Amino acid sequence: MKPAMSVEIGSLKLRNPVMTASGTFGYGEEFSQYVDLEKIGAFVTKGLSLKPRAGNPTPRIVETPGGMLNAIGLQNVGIDAFIQKKVPFLRSVNTPAIANFFGYTPDEYAELASRLDAIPEVAALEVNISCPNVKQGGIVFGTDPGCAASVVAACRAATQKTLIVKLSPNVTDIVEMAQACEGAGADALSVINTLTGMAIDLERRRPVLANVTGGLSGPAIKPVALRMVWQVARAVKVPVIGIGGIMSATDALEFILAGATAVQVGTASFVNPAAAQEIAEGMEQWLAERGIADISSLIGALEG
Amino acid sequence: MKPAMSVEIGSLKLRNPVMTASGTFGYGEEFSQYVDLEKIGAFVTKGLSLKPRAGNPTPRIVETPGGMLNAIGLQNVGIDAFIQKKVPFLRSVNTPAIANFFGYTPDEYAELASRLDAIPEVAALEVNISCPNVKQGGIVFGTDPGCAASVVAACRAATQKTLIVKLSPNVTDIVEMAQACEGAGADALSVINTLTGMAIDLERRRPVLANVTGGLSGPAIKPVALRMVWQVARAVKVPVIGIGGIMSATDALEFILAGATAVQVGTASFVNPAAAQEIAEGMEQWLAERGIADISSLIGALEG
Amino acid sequence: MQFKAMILDNAEVSPGYWRMRMTAPAEMLAARPGQFVMVRVNPSIDPLIRRPFGVFDVGTLQPAYTGAAPQPYLEILYRVVGKGTGMLSTLHDNDILDILGPLGTGFENGPAGEEKLIVGGGVGLAPLYLLAKELVKDSPVRLFAGGRTKDDVLCITEFERLGVECYTATEDGSLGECGLVTKVLEQRLEATANKGQIFACGPHGMLKAVAVIGAKRSVKTQVSLEGYMACGMGACLGCVCQGAEHSTENPDYRCVCTEGPVFEAAELKWEGN
Amino acid sequence: MQFKAMILDNAEVSPGYWRMRMTAPAEMLAARPGQFVMVRVNPSIDPLIRRPFGVFDVGTLQPAYTGAAPQPYLEILYRVVGKGTGMLSTLHDNDILDILGPLGTGFENGPAGEEKLIVGGGVGLAPLYLLAKELVKDSPVRLFAGGRTKDDVLCITEFERLGVECYTATEDGSLGECGLVTKVLEQRLEATANKGQIFACGPHGMLKAVAVIGAKRSVKTQVSLEGYMACGMGACLGCVCQGAEHSTENPDYRCVCTEGPVFEAAELKWEGN
Ligand SMILES: Cc1cc2nc3c(=O)[nH]c(=O)nc-3n(C[C@H](O)[C@H](O)[C@H](O)COP(=O)(O)OP(=O)(O)OC[C@H]3O[C@@H](n4cnc5c(N)ncnc54)[C@H](O)[C@@H]3O)c2cc1C
Ligand SMILES: Cc1cc2nc3c(=O)[nH]c(=O)nc-3n(C[C@H](O)[C@H](O)[C@H](O)COP(=O)(O)OP(=O)(O)OC[C@H]3O[C@@H](n4cnc5c(N)ncnc54)[C@H](O)[C@@H]3O)c2cc1C
Ligand SMILES: Cc1cc2nc3c(=O)[nH]c(=O)nc-3n(C[C@H](O)[C@H](O)[C@H](O)COP(=O)(O)O)c2cc1C
Ligand SMILES: Cc1cc2nc3c(=O)[nH]c(=O)nc-3n(C[C@H](O)[C@H](O)[C@H](O)COP(=O)(O)O)c2cc1C
Ligand code: FES
Ligand code: FES
């Protein structure tokens, strides 16, 4: 018996709960040689902005114990080039593409949301709110519930599509953030983005990253991510997408038990480009071996 | 030429900047077979409370990628048994012992501070403010600047000894917490305590830890710790003690460059009980090989 | 004691069970039966925490004819259950391990001449071989070895070579009695009118059954426990178990790594655990 | 392509430099000189990220007499600089690696008959051997190999066997000319009135010097760059370098892993880098 693997995130139906995380899977095409895109639930594009962005100087990446830091600086082609150069590929694939995007003012966020709303190939929107709010002195949208709510409300007004909000873990109270975003109209929450970290080159007496600090991802952050998914899933009604250090089907299923309806695979795709597909297949096999008929029965099924 | 390795934390003089972290080195005696205690700067006791505490049910510990979670629940012998059974050993060792302690109300904190103040063998006090404030509905002292300041002020009034405050990393703004504690009279800040995390046993569909969540320590958290030490050291005048995932002399020196005056070695002592001593020796050797005369010249010497 | 050990031999002795011999300092020869070592599987951070293993055997290699120096050695018997033990099984001769030990409090031998009943389940036999080696010096020793299938019943030949009388039981009946080894133990106690004392190591369920048997029949019973260990030396407080009088109000936690791993069964709380 | 490779040979060819041969699928034989592979050193998370290595050689083993099937292989030449390369050097024959490749854009051969000047510094020689193998088919090839000491000048015999004329230079004078290999390159260009084209791989300082020489003398110059790579396929944007016209206002970042690692030197920005 093949277990039922499909899940729903807002109005978006996924054939299985495994997506790839923004910034770790290019625009989908880069991985098509290694992954059968039709074996995963969805993929999320690199974060888009209104104008193309060059990103930070190098070094932008460094390995850390059980993880990596990145300070890419949100380099991306911008919404126009995205439409011209990347959307045609999205059209050719029978898998939903989710556009991740960010701005520096609520207005920019709203404008992007409405432009993405108009692209039929974009199945859903994921708002990255881990960006500095240039209007409010650079405080990060994603660390203040009020700022976050204003961004989400602005996007909500601009799109009918499923609106996913991606939360930053660099906060005292992730539940408060989650509730603010849910209240402002988010259809789903992605938990978590990267933890802010730093690496130092001792001999050169300098930060390794040109940007000094960067975002920590990979297996190292899994316990923190799992805890936050568990906290958020118990506190909101909208579906939660679990992200952070997922390397295997077991990891992914742990997030589902903690309350995630779907998961995103990030750094793992660098370590093993076939990771997302292997995880989706591994999850299905795990259910089949145990005679579990439907993945939905595992969502939030943690006991104790 | 032997480099000068001594540093000062408040009125406490350390022969070198390497201490062991609370809860990872027992009361010192446990490790005396593996470490020459006179080769390290200081050691910090397991967190003490007024009454003995039994701690949490098991499992209390689980390995995670590049780290471990613990939910010991602050099991400790209590201040009376500490004085009776553990202090005699402290007296026999020519290395400063720092008493780590915690309470559930500011009054409890103050009472402990004054009792520890009276023990000559206790060289300095380290306040753990990562505990729920029972009076204020369980919000953790260490995540609210006002609560933290009240605890620190209460302790400050109760002791003349060097008062170190150990900060929780589970906050949006560690700098704000650091400044609140400095303002309330802290002589030094220990950065960081553990990140809150969780692990799940998939087959049993239960949290691995009986306590559900636990504190993440070990190499996995090093990038976050280094970032926070760097942020705090730039924002306060008091010395900072760097903690988090330090496994080697290189790691320790990175924290010093980031602005730490001293470091604490935690989880590493489990992996290698001689870690603290080997790190202290390795740091000295590193300086000697490069002709650096004084470790002090490296404190906060990060360029760029 | 912390030392570097060079692997002398690492072989699968039964499907999934491996026996590893490694060099050790002469001090290791003083290890007491029931003590354990903490093994750092490799110098990387994966796995990070050491893994605990009972001392299966210690001894000294006497190289014949070559004139080489005698070499004290340590043996562990381990079951591949996860990452750390999986990696151990891929190590080659001459690879180096970092070892801490001997740690913990081992078995008390008990009076000479008295019958000694050793009960082991699966890899729980590991610390019992050194015990048997010592007990046979002055007492009649019987081994009750159980497992799920015959593959889980280990090293019987070695015990027999010591002069131990061996009883085996498997849940699937593929070796010895069909069923639990505790049944065979009870039969022996029945036959001898509860003479002797019991030494047990194995899965928690088996230890609990043995504890109940010991209590019911007033036979002194020592059990070797497991606990999730980070340090092995009483510092992390991760490994604790509950004393007999433990309650939420009057907690009584014992360190498995220092006060144990061997405890008198009567000291411990068994209900609900 | 992602594949599992079995190590056939792993040997230190000069102090600190290792050459590893491993099995590969037949598709690997189509690797272009200058392309690279991403190696997962082991299945654990330490190290986590794959490590990039140039394709040193590919070929097919023809087992003599045994009747065994021909075995395509891949070779890399690596220098032990840290954790990942350190672990690689401890691997044994028959150990398994997970490989991604061939990746990136390699060298363009240039017109037949024209003189080809290959410049390599230290382990920078790695991707140049396969290049030389291809270039010698239709062109005269000269190699300029530099290093700090003679230990850093690798595999000259192999290049000579291809019929490449080799020039060497070391900073300490322990082999060949004393000084930088770029000096020897300039002498050759001087002698031939700037004929031919340049292919270079090595430390950034050397590449910069070669780029300057190429520009000054209007000699077409291709360089193979390094960059910190997490994915090797254009997704992480970690590895980028700056195009010639790059500025903070008009940024022009290129992906070393897909647009490179081989670039025309003139396309890139060299000042201040
Ligand atoms: C005192 C003592 C003596 C032991 N003696 C033996 C022996 O002689 N032979 C043998 O095969 N096994 C023995 N064990 C069990 C052995 O330690 C575990 O099987 C081993 O640690 C599993 O490691 P892993 O990485 O393969 O498994 P993992 O994949 O890490 O975990 C599998 C399970 O092993 C257990 N485990 C993992 N790490 C530890 C740890 N640090 N401490 C305790 N348990 C852990 C956990 O219950 C976990 O669920 C002993 C355990 C203790 C406490
Ligand atoms: C396209 C390309 C081809 C290369 N070809 C070769 C080759 O043929 N032979 C050879 O010996 N070396 C080659 N290198 C360099 C090689 O990748 C590094 O020496 C190796 O990754 C170091 O790994 P480590 O774990 O030993 O070092 P670490 O201790 O991890 O780091 C030491 C230094 O190595 C570099 N490094 C580490 N990880 C990476 C990474 N993922 N990507 C890029 N650089 C990294 C960093 O600059 C770091 O400071 C190549 C690099 C690139 C980008
Ligand atoms: C190189 C890199 C680039 C990333 N870029 C983005 C981005 O553009 N937008 C975003 O929301 N998250 C971005 N992320 C965060 C990931 O989507 C994901 O939340 C994070 O890496 C944690 O998951 P992981 O541990 O599985 O990698 C990026 C992560 C990495 C490693
Ligand atoms: C088992 C364990 C017990 C701990 N107990 C305490 C404690 O009682 N008080 C305290 O302030 N910190 C405690 N800590 C936190 C450590 O002192 C240290 O801040 C943390 O482990 C991070 O450092 P590390 O990564 O080097 O381990 C404990 C940590 C561990 C692993
Ligand atoms: S293992 Fe650390 S206290 Fe027992
Ligand atoms: S290595 Fe990831 S984009 Fe080049």
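The values are calculated or read from the model by the stated rules, or taken from the named source; none is laboratory data. Predicted model, so just to flag it, every value in this text is computed and none were measured. Here the Cβ is made from the backbone with ideal geometry for all residues, glycine too, and neighbour counts use every protein chain on show. Just so you know, the surface numbers come from the protein's heavy atoms only, side chains and all, with ligands and any DNA or RNA stripped out. Shrake-Rupley method; radii C 1.70, N 1.55, O 1.52, S 1.80 Å.
Things worth noting here:
- Accessible area of C:Lys183 (1.4 Å probe, protein heavy atoms only, ligands and nucleic acids ignored): about 100 Å².
- Solvent-accessible surface, computed for protein heavy atoms with a probe of 1.4 Å, shrinks by 10 Å² or more for the following residues of region C:38-53 when the other protein chains are added to the isolated chain: C:Arg40, C:Ser44, C:Ile45, C:Asp46, C:Leu48, C:Ile49, C:Arg50, C:Arg51.
- Each residue of region B:237-245 is assigned a 3J(HN,Hα), and the resulting list reads 9, 6, x, 10, 9, x, 9, x, x Hz, derived from the Karplus form 6.51 cos²θ - 1.76 cosθ + 1.60 (θ = phi - 60°), x at Gly and Pro.
- Fraction of accessible area attributable to carbon and sulfur, region B:7-298 (%, probe 1.4 Å): 48 percent
- Note on surface exposure: D:Asp93, C:Asp151 rank D:Asp93, C:Asp151 by accessible area, highest first, 1.4 Å probe.
- Interface of B with A. Using a 1.4 Å probe and counting protein heavy atoms only, the two chains hide about 3800 Å² of accessible surface, both sides summed.
- Using the Cβ of B:Arg234 as centre and a radius below 14 Å, the other residues enclosed give a net charge of -2, where K and R count +1 and D and E count -1.
- Residues C:Tyr129, C:Tyr65 ordered from highest to lowest accessible area at a 1.4 Å probe: C:Tyr65, C:Tyr129.
- Rounded to 10°, Cα long-axis angle of helix C:204-217 versus longest principal axis of chain C: 40 degrees
- Atom-type composition of the exposed protein surface of chain D places 52 percent of the accessible area on carbon and sulfur (1.4 angstrom probe).
- A point 7 Å from Cα along Cα→Cβ stands in for A:Gln33, and the other copies hold the same point at 5.6 nm, listed in rising order.
- Per the rotation superposing chains D and C, the chain D residue found at the smallest beta carbon distance from the axis is D:Asp46, 2, distance in Å.
- Bins of 10 Å from zero: percent of alpha-carbon pairs in region C:55-143: 13, 35, 32, 18, 2
- Förster radius 41 Å - calculated FRET efficiency between B:Gln160 and C:Ala30, Cβ distance, rounded to 0.05: 0.30
- Separation of alpha-carbon centers, region B:183-219 and region B:248-304, rounded to whole Å: 24 Å
- At least 10 Å² accessible surface lost relative to isolated chain, residues of region D:225-248 (1.4 Å probe): D:Tyr228, D:Ala230, D:Cys231, D:Met233, D:Gly234, D:Ala235, D:Cys236, D:Leu237, D:Gly238, D:Val240
- Only the Cβ atoms of Lys and Arg (+1) and of Asp and Glu (-1) were treated as charged; on that basis the dipole of region A:196-304 about its Cα centre amounts to roughly 600 debye.
- Accessible area that becomes buried as D packs against C, both chains, 1.4 Å probe, Å², nearest 100: 400 Å²
- Antiparallel DSSP beta bridges within chain B, percent to nearest 5: 40 percent
- Across C:Lys133/C:Lys183; D:Lys183/D:Lys208; B:Lys2/B:Lys39; D:Lys195/D:Lys269; A:Lys13/A:Lys86, pairs whose alpha-carbon gap is larger than 18 Å: C:Lys133/C:Lys183; D:Lys195/D:Lys269; A:Lys13/A:Lys86
- Amide H contacts under 5 Å for C:Thr105: C:Gly260, C:Val262, restricted to partners 5 or more places along the chain or on a different chain, H placed in the peptide plane at 1.01 Å from N.
- Lys, Arg +1 and Asp, Glu -1 on Cβ, resulting dipole of chain C about Cα centre, debye, nearest 20: 60 debye
- Rolling a 1.4 Å probe over the protein heavy atoms gives region B:7-298 an accessible area of 31 Å² per residue.
- Around the amide H of B:Leu209, modelled in the peptide plane, lie the amide H atoms of B:Ala199, all under 5 Å away and 5 or more residues distant in sequence or on another chain.
- Average Cα contact separation per residue, region C:2-103, under 8 Å, 6 or more apart, as relative contact order %: 41 percent
- Accessible surface calculations at 1.4 Å, restricted to protein heavy atoms, place region D:1-52 at 36 Å² per residue.
- Converting phi to 3J(HN,Hα) with the Karplus coefficients 6.51, -1.76 and 1.60 and the offset θ = phi - 60°, region B:47-63 yields x, 9, 10, 4, 9, x, 10, 7, x, 7, x, 8, x, 10, 9, 8, 6 Hz in sequence order, with x at every glycine or proline.
- At least 30 Å² accessible surface lost relative to isolated chain, residues of region B:216-236 (1.4 Å probe): B:Leu216, B:Pro219, B:Ala220, B:Pro223, B:Val224, B:Leu226, B:Arg227, B:Trp230
- Distance between region C:51-76 and region C:156-206 - C-alpha centres, whole angstrom: 28 Å
- Cα gyration tensor shape of region D:9-62, rounded if a/c is under 1.5, else prolate or oblate by comparing a/b with b/c: oblate
- Solvent-accessible surface (1.4 Å probe) assigned to A:Arg53 amounts to roughly 80 Å².
- Under a Gaussian network description of chain D, with springs only between Cα atoms under 10 Å, the residue in D:Leu185, D:Leu91, D:Leu143 that fluctuates furthest is D:Leu91.
- Derived scalar couplings between HN and Hα for region A:89-103 equal 5, 4, 4, 7, 10, 8, 9, x, 10, 9, 8, 8, 8, 7, x Hz in order, rounded to whole Hz, by the Karplus curve 6.51 cos²θ - 1.76 cosθ + 1.60 (θ = phi - 60°), x for Gly and Pro.
- Rounded to the nearest 5, the antiparallel percentage of DSSP beta bridges internal to the protein assembly as shown is 50%.
- Area of C:Thr221 that stays accessible when all protein chains are in place (1.4 Å probe, Å², to 10): 10 Å²
- Across the identical copies, how the D:Asn94 labels are spaced - nm, sorted shortest first, 7 Å along Cα→Cβ: 1.5
- Relative contact order (percent, whole number), region C:116-264, Cα cutoff 8 Å, 6+ residue spacing: 19 percent
- For the residues A:Glu29, A:Glu203, A:Glu111, a GNM of chain A with alpha-carbon springs under 10 Å puts the largest fluctuation on A:Glu203.
- For B:Thr162, nonlocal amide neighbours, meaning residues 5 or more places apart or on other chains whose placed amide H falls under 5 Å from its own, are B:Ser11, B:Leu125.
- When accessible surface is computed with a 1.4 Å probe, chains C and B are found to bury approximately 2300 Å² between them, both chains counted.
- With contacts taken as Cα pairs under 8 Å and at least 6 residues apart, chain B reaches a relative contact order of 21 percent.
- Shortest-first distances to equivalent copies, position A:Ser114, nm, label 7 Å out along Cβ: 6.5
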